[in-house]
1. Looking at (1) closer than 26 Å to residue 103 by Cβ; (2) in contact with a Pro (Cβ under 8 Å, 6 or more places away or on another chain), find the lone condition where residue 2 falls short.
2. Looking only at residues that are within 17 Å of residue 145 (Cα to Cα) and surrounded by fewer than 23 Cβ atoms within 10 Å (Cβ to Cβ) in segment 185-206, which one is modelled with the lowest pLDDT?
3. Within segment 194-247, which residues are part of a helix (DSSP H, G or I) and of a type in the set (D, E, K, R)?
4. Since residue 72 meets every condition but one in (1) surrounded by fewer than 23 Cβ atoms within 10 Å (Cβ to Cβ); (2) closer than 30 Å to residue 266 by Cβ, which condition does it not meet?
5. Output the number of residues of segment 310-344 satisfying the condition of being farther than 23 Å from residue 179 by Cβ, among the aromatic types (Phe, Trp, Tyr) and more than 10 Å from ligand 1 (Cβ to nearest atom).
6. Only one residue in 136, 165 is closer than 30 Å to residue 327 by Cβ and either outside the structural domain of residue 16 (by TED's automatic domain parsing) or more than 15 Å from the chain's Cα centre (by Cα) (or both), so which one is that?
7. Got a number for residues in segment 80-92 being at negative phi and buried (at least 18 other Cβ atoms within 10 Å of the Cβ)?
8. Within segment 204-241, track down each residue that is under 13 Å from the mean Cα position of the chain (by Cα) and of a type in the set (Val, Ile, Thr).
Amino acid sequence: MVDVFITSCETYNQKEVNRAVGKILKNFKIKPKKTVLIKPNLLGSYRKGHIVITNPAVIEAICKVLAKNKNKIIIGDSSFQNTDIAIQKSGMLSVAKKYNAQVLNFEKTKLVNVKIPKGKILKEILLPEILFKADYIINVPKLKTHSLMKLTCAVKNLFGVIPGYKKQKLHGLAHSEKKFAQLLLDLHSVVTPTLTLVDAVIGMDGEGPSAGDARPTGIVFASQSSFAVDLVACDMIGWKRNYVPTNRLVMKQKLFNEPITIHGEMHHIPYKKPPALPVGLLSAVMRFMPKPKITVNKEKCIRCGACMRGCPVGAITLNPYPLINTKKCIRCFCCIEVCPEHALYLKDSFIVSLFNSLRKKNLKL
Ligand code: SF4
Ligand code: SF4
């Protein structure tokens, strides 16, 4: 039996978040004076309160509880852009100062080579040593959609423990949806958080992880099991659990098959899916149709080159706007993730748009 705790939290008002997070954390025993590593989602250099990153109010509420418990607190991450700037802009640095916490850029900390005995894609990997020295890891994802992995929540957020551009290299190693999902599970087999607490006060749907729409969801929820968190997240947002590739593998490989007990009120807030090919008969037809194209919004693009530098297979050149070599592209969507201006998006071809509109009208094809 695995417990998932859900508490309402309608806004990022600090008092309200403190109340919600405090209530959730009462269910988990963290020994005083031990070291606790908090892993937020700092996708990139986004300002405090931006919907694509974990809100600092949630991190502050966790720190408040831990400080009272006399824990040594570390807040660490590696973003897809400049992590030092991401830590500062996101408000994490201010929170850390307030609670005497250490801030750790995983790209600048001691790394250790970790064997992954159960790994199917990853056999070993360099990871920050602190992941194995901390007594507790609290994973604090933002509830969002994700073009490749459909959902970024408990399991996907751990990808941020991999330092810097190694992340993009791994996208190159595991470029299919299934392989990348397996890679995430390989990683999870050696970096297993003590607890995952999800910032779903305002989530994101549609074109996540960086160009979607704000989806007020009004909750924080938590569990000791990352898998339970991701399964329950799907239930909440109206998706089949197996729509998410990591969930699919978790169920197929029987990594998690315990009953889940929900404590608190289950919420049902439908999330728009990220752009993707549909399933069923239509999917069979559409498999032969052009995939959504990565497109540049030239009005937004500042020609910074971050997408080019972030591409694991060198498929992008700037001329002067990004040009994507579709023969080289492995559709990892790192470029969409790293773009600070949300200037890259997936655009369906005319024929696919037509099919999708027919599908929305519930026409049987
Ligand atoms: S698409 Fe985004 S990341 Fe690429 S050059 Fe333009 S602004 Fe920079
Ligand atoms: S162009 Fe974008 S989606 Fe294609 S491989 Fe490069 S980063 Fe990935």
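The values are calculated or read from the model by the stated rules, or taken from the named source; none is laboratory data. Here the structure is a predicted model, which is why all the values come from computation and not from measurement. Here Cβ is always computed from backbone atoms with ideal geometry, including for glycine, and neighbour counts include all displayed protein chains.
1. Of (1) closer than 26 Å to residue 103 by Cβ; (2) in contact with a Pro (Cβ under 8 Å, 6 or more places away or on another chain), only one is false for residue 2: (1).
2. Here the residue is 206.
3. Within segment 194-247, 230, 235, 241 meet the criteria.
4. Exception for residue 72: condition (2).
5. 0
6. Only one candidate qualifies: 165.
7. 8
8. 229
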